[in-house]
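The values are calculated or read from the model by the stated rules, or taken from the named source; none is laboratory data. Predicted, not measured: the structure shown is a model, and the values here were computed from it. Here the Cβ is made from the backbone with ideal geometry for all residues, glycine too, and neighbour counts use every protein chain on show.
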Amino acid sequence: MRCFTICCSRDASSPTRQRVNIDAEISDVENAKLYSYKELKIATDNFNPANKIGEGGFGSVYKGRLKDGTLAAIKVLSAESQQGVREFLTEIVVISGIEHENLVKLYGCCAEEDHRILVYGYLENNSLSKTLLGGRYSGIQFSWKTRTKICIGVARGIMFLHEEIQPHIVHRDIKASNILLDKDLNPKISDFGLAKLFPDNQTHISTRVAGTIGYMAPEYASRGQLTRKADIYSFGVLLMEIVGGRFNTNKRLPSEDKHILRRAWRLHEQGDLVHLVDTALEGDFDVDEAHKYLKIGLLCTQEKPNNRPSMSSVVRMLTGEMVVDEKTISRPGLMPQFAPMESSQSNISYTSSPGSGKKDMLLSSQNTTMTYATMSYTSIYDRSN
Ligand SMILES: Nc1ncnc2c1ncn2[C@@H]1O[C@H](COP(=O)(O)OP(=O)(O)O)[C@@H](O)[C@H]1O
Ligand SMILES: [Mg+2]
């Protein structure tokens, strides 16, 4: 049984209260194995930098071997960060006990004294952001077939979260660095620090806007109204990245190509969407299928959330069980800094989020005639690494 409330104290001046709440929360969650700090220290050779396999917003991730011989990824959260404590608890509460072939497995955690550590199943091929998108140094060849397998796997993982499990879960941070790959390049969704449980009778959750700029649905960024369609938007961006072999944003490109969705829309209008496909494939791909995948990416990122398909429809379209209705494709939605006429219409400034050590982004748009007419001021907790 999972516990559905997260009541971590936000009172930074009260470490005792915070401690009590963490202990109470963790003890409520069945299936979460508790590890001793000593065991994790031994497993990672005293958190030896040589064993470091990743760095996220809230700390370092180490490869380690547990007492029973199992390899694990051990994520150590920074002790000072209040945000980190909340994400630590969310992650345990949301995914303890959940098993799906496209979700990372949480083995358990350690909350001894000030230590907050999460222990996951180790995945041999790190993240999509490090391998497929982050330079080709990994040596892995991502064939067209592998890319389709990854897209379908991620879509199935999200479908499970959105439609199969109760209460439903909105991940809120679907992106390349949160998609891990096992030894056979099967994808697993990870990092549930921002996830929200979503009871069936609720149409949306009003929440502080958090996620990663570039993957964030514009209506969520502007109004903070969270629905499953925000994940579907992020998935659409990720799909484009996987097919295109590039990160969604490339600041060195001219503004009309800077964000992959703008480039995709321009190519689509010119009838040349396939031009977006990664040149590293050297033409060795199924043109019709690639075209279809990119159109699904456009559908997922439609401006109006209601025009985006559900995740089960996405899975059926990707696998060929459902046709893609081209007529419903119109211009994708984009946050103002990526949209045309951005510089004259919007101001963007950064503020600091207390305790998190991360940047918040403050957006304002004076535009009253365009898409972003309703966007006033929104404080966004941006999780870009
Ligand atoms: N189970 C795992 N196996 C292998 N590498 C992992 C694993 N979990 C995390 N990593 C690596 O650590 C990075 C950060 O992990 P993540 O859980 O996304 O942390 P954060 O919440 O700080 O973003 C990932 O992008 C990946 O490179
Ligand atoms: Mg992450």
### Looking only at region 126-178, and only at residues there that are at positive phi and within 16 Å of ligand 2 (Cβ to nearest atom), the one that is modelled with the highest pLDDT
Arg172
### Message
Restricting to region 29-46, name every residue that is at pLDDT below 90 and touching a helix residue (DSSP H, G or I) at 6+ places or on another chain (Cβ under 8 Å).
### Response
Val29, Ala32
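If you go through region 108-141 one residue at a time, how many are of a type outside the set (A, V, I, L, M) and more than 30 Å from Gly244 (Cβ to Cβ)?
Qualifying residue count, region 108-141: 8.
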#### Entry: Qualifying positions in region 194-217 - closer than 19 Å to Leu238 by Cα and assigned to a loop (DSSP other than H, G, I, E, B)
Leu194, Ala195, Thr212, Ile213, Gly214, Tyr215, Met216, Ala217
### Message
Suppose the filter is in contact with a Pro (Cβ under 9 Å, 6 or more places away or on another chain) and outside any helix (DSSP H, G or I); does Leu180 pass it?
### Response
yes
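Results for (1) over 20 Å from the mean Cα position of the chain (by Cα); (2) at pLDDT below 85; (3) assigned to a loop (DSSP other than H, G, I, E, B), shown as yes or no for each residue.
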| residue | (1), (2), (3) |
| --- | --- |
| Ala73 | no, no, no |
| Ala79 | yes, yes, yes |
| Val85 | no, yes, no |
| Leu89 | no, no, no |
| His100 | no, no, yes |
### Positions within region 179-199 being modelled with pLDDT of 95 or more and either near ligand 1 (Cβ under 8 Å from one of its atoms) or surrounded by fewer than 23 Cβ atoms within 10 Å (Cβ to Cβ) (or both), in sequence order
Leu180, Asp182, Lys183, Asp184, Leu185, Asn186, Lys188, Ser190
### Query
Is there a residue being free of Cβ contacts under 8 Å to residues at least 24 places away in the same chain and in the same structural domain as Ile150 (by TED's automatic domain parsing) anywhere in region 234-250?
yes
